[in-house]
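Peer 1: Submitted below is the structure of interest, expressed as structure tokens.
The values are calculated or read from the model by the stated rules, or taken from the named source; none is laboratory data. Computed from a predicted structure; not experimentally measured. Note that each Cβ is placed from the backbone with ideal geometry, even for glycine, and that neighbours are counted across all protein chains shown.
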Amino acid sequence: MEKAKVLIIDDDPDITEAMRVVLENKDYIVNNAEGIEQAMGFLKENKPDVIILDVMMDTPQDGFILSRQLKQDVNLKDIPILMLTSVKDKIGIDFESVAGDETWLPVDAYMQKPVKPDVLLEKIAGLLKKP
Amino acid sequence: MESLLKSTRRIQSACWLVRLRWAAIAVLGMATFFASRLLDITLPYRKLYIITGVLFFYNFILYDYIKQLTWKGQKPKESKISGMILFQISTDLFILTSILHFSGGIENPFFLFFVFHMIIASILCSKLQSYIQATLAIFLFGSLVILERFGILWHYELKGFAAHGLYNNPKFIFGTLFVFAGTLYLVVYMTTSIIGQLREQQDSFEEANKMLEEKDMVKNEYVLRLTHDIKGHLAAIESCINIVKNEMIGPLNEKQKDMIGRAYRRTGKCMSFITALLKLTKMNLAGKLEEELFELNQIIANAVTVVQNRATQKSITILSDIGKDVYRVYGEPVLIEETLTNILFNAIRYTPGGGRISLTLREQGAEYVVRVRDTGIGIPPGQEEQIFEEFYRASNARKVERDGTGLGLSFAKQAIEKHGGKIWAQNNPDGGATFSFSLPKAQT
């Protein structure tokens, strides 16, 4: 079986690295981008099997904007997105209820920081199994 | 605190009365002069000028008395000031009555001026006292008019102004006094009602303000406890990580070293954030500064020494021009040093390598001004004031350093303001920013 490719979009290098170690340990191929522009640049040339997206980068809206952008792109809309968040406490959005809402927050799964390795692996595996 | 505020307000009221009287004296002098020279009215001018002189002297004594009461920041008892205000108003009624006596009695329309005294009394005294003052005014003016009517007091004619003989007309006297008394009581009633409402409002504002301050205090105590607890856990985490990171319990491979190094650095950043928050909150909670006399020059030199290493690492030159004169300030030297260190560290952080930071200390009127000018990234226009708010970080600062605390400048602002100084930031025309703060000179 071919190794699955994961793209991590997060501007925090430490969080990125922590996830990279966990994923690479399970034979995933990991790439990362630090912001919207870098991510879109990477996606022009590559098509990962799953995207991990941090909801809050430069501005609190970055993750939301990018997730909608991805789902509107014909070539990219099939890639499952795992949204990473620590903002529930700060902006009071209950992600469980809005995640998956196509117009509001079109992501396929979400996960709270801090990232627990087994939860991360489980979620990624779950997203890859979906047709 | 509250009674202190009230007593200060009472003193201000007493001063206000004295100032009003200076104006009244000027008006009386001019009116007398005007009437004698231009209106061709016959009056005992010498007596009127003497009254003006006496009034001037009386007001000067009052002025001096208030100055003595408040000499060197003394706070006299509220009852003492209230008594003085009552005395002033009663005396003024008596003086107005005597002026009226020498200028035509009931025939002089200036008796309307009693209304002003009633308004002043209603503003400054209690309701009962105001009604007593109104009664006193009616008694004084009524006695004057009646005594003049029966020839017990001499009636000075306002020749050339009013029809002579009015003072002798019982109907006119009765009618005028009746309306006069009614007007004064009505004025007192209306003014005291309005003032009562205003006072109630003011009291409720003061009450609300006090409650806000108490709430803020509770919040600060809460933050203090919280940060203190977090700091304890963080310190433990840091110590444990440190042992692993320094390979004291076994060697690490490259990947392990990298991961543990990241954890260690992030713990350090969290630690400095918590420490900054703790310092800020502690300062907020401390009511009064523990003041001592210290030399600003020395504090500046200390701060430069603290940051010098980091500047050298980035090849940034610090030019310090603090002169040779010794500048002394009252306050907590630790807070001022911390403030300057924060500003200098910021300047180093946001100035590209090879840049320059110049620091000056100047005397400016009653204060000393410290300026830190850098060749850094500057402040985005419009954010010059916001950067001093708690947790606020300038948009360009985030790009340079992701994890600033956003607390360094709020600490600086609060520390400087606690010392009675000001702090502000500006962009330089040729790039970079200048942070300045002023501190009042120590009175020696």
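Peer 1: All but one of (1) within 21 Å of B:LYS282 (Cα to Cα); (2) basic (Lys, Arg); (3) away from every other protein chain (no Cβ under 14 Å); (4) over 35 Å from the mean Cα position of the chain (by Cα) hold for B:LYS215; state the number of the condition that does not hold.
Peer 2: Every condition holds for B:LYS215 apart from (4).
Peer 1: Going through the stretch B:364-380 one residue at a time, which ones are free of Cβ contacts under 8 Å to residues at least 60 places away in the same chain and either among the aromatic types (Phe, Trp, Tyr) or over 27 Å from B:TYR392 (Cβ atoms) (or both)? Full working, then the answer.
Peer 2: From the stretch B:364-380, those free of Cβ contacts under 8 Å to residues at least 60 places away in the same chain are B:365, B:375-380; that's our starting set.
Once the filter is applied, which keeps residues that are free of Cβ contacts under 8 Å to residues at least 60 places away in the same chain and either among the aromatic types (Phe, Trp, Tyr) or over 27 Å from B:TYR392 (Cβ atoms) (or both), the stretch B:364-380 yields only B:GLY365.
Peer 1: Restricting the search to the stretch B:409-422, which residues are on the phi < 0 side of the Ramachandran plot and without any contact (Cβ under 8 Å) to a residue 40 or more places away in the chain? Walk me through it before giving the result.
Peer 2: At the first step, the residues of the stretch B:409-422 found to be on the phi < 0 side of the Ramachandran plot are B:409-419, B:421-422.
The answer is B:LYS413, B:GLU417, B:LYS422.
Peer 1: Residue by residue through the stretch B:245-267, note down the ones that are surrounded by 15 or more Cβ atoms within 10 Å (Cβ to Cβ), basic (Lys, Arg) and more than 12 Å from chain A (Cβ to nearest Cβ).
Peer 2: B:LYS245, the sole residue that qualifies.
Peer 1: Another question, if that's okay. Limited to the stretch B:387-419, what total is found for residues that are within 14 Å of chain A (Cβ to nearest Cβ), crowded, with 21+ Cβ neighbours inside 10 Å and either closer than 17 Å to B:LEU278 by Cβ or among the aromatic types (Phe, Trp, Tyr) (or both)?
Peer 2: So the answer is 0.
Peer 1: Follow-up question, since we're still on this one. Here is a list: B:ARG373, B:ARG398. Which entry is more than 27 Å from the chain's Cα centre (by Cα), at pLDDT below 95, not in a loop (DSSP other than H, G, I, E, B) and not assigned by TED's automatic domain parsing to the domain that holds B:THR281?
Peer 2: From the options B:ARG373, B:ARG398, the qualifying one is B:ARG398.
Peer 1: How many residues are farther than 29 Å from B:CYS125 by Cα and of a type outside the set (Gly, Ala, Ser) if we restrict to the stretch B:147-190?
Peer 2: Number satisfying all stated conditions: 23.
Peer 1: Something else now. Sort out which residues of the stretch A:22-71 are within 14 Å of another protein chain (Cβ to nearest Cβ) and either surrounded by 17 or more Cβ atoms within 10 Å (Cβ to Cβ) or small (Gly, Ala, Ser) (or both), and write them in order of number. Spell out how you get there, then give the answer.
Peer 2: Quick first cut of the stretch A:22-71, residues within 14 Å of another protein chain (Cβ to nearest Cβ) only: A:22-25, A:30, A:34-35, A:37, A:54, A:56-60, A:62.
Those that are within 14 Å of another protein chain (Cβ to nearest Cβ) and either surrounded by 17 or more Cβ atoms within 10 Å (Cβ to Cβ) or small (Gly, Ala, Ser) (or both): A:VAL22, A:LEU23, A:VAL30, A:GLU34, A:GLY35, A:ASP54, A:MET56, A:MET57, A:ASP62.
Peer 1: Shifting gears a bit: When you look at B:TYR350, is it away from every other protein chain (no Cβ under 14 Å), among the hydroxyl-bearing types (Ser, Thr, Tyr) and over 21 Å from B:THR305 (Cα atoms), yes or no? Steps first, answer last, please.
Peer 2: Numbers: away from every other protein chain (no Cβ under 14 Å): yes; among the hydroxyl-bearing types (Ser, Thr, Tyr): yes; over 21 Å from B:THR305 (Cα atoms): no.
So B:TYR350 does not fit the description; no.
Peer 1: A further question follows. B:ASP203 passes all but one of (1) surrounded by 12 or more Cβ atoms within 10 Å (Cβ to Cβ); (2) part of a helix (DSSP H, G or I); which number fails?
Peer 2: Of (1) surrounded by 12 or more Cβ atoms within 10 Å (Cβ to Cβ); (2) part of a helix (DSSP H, G or I), only one is false for B:ASP203: (1).
Peer 1: Same structure, new question: Select, from B:ILE173, B:ILE146, B:ILE95, B:ILE138, the only residue that is over 30 Å from the mean Cα position of the chain (by Cα), within 25 Å of B:LEU39 (Cα to Cα) and touching a residue at least 12 places away in the same chain (Cβ under 8 Å). It would help to see each step written out before you state the result.
Peer 2: Values: B:ILE173 fails: within 25 Å of B:LEU39 (Cα to Cα); B:ILE146 fails: within 25 Å of B:LEU39 (Cα to Cα); B:ILE138 fails: within 25 Å of B:LEU39 (Cα to Cα).
When all the criteria are applied, what remains is B:ILE95.
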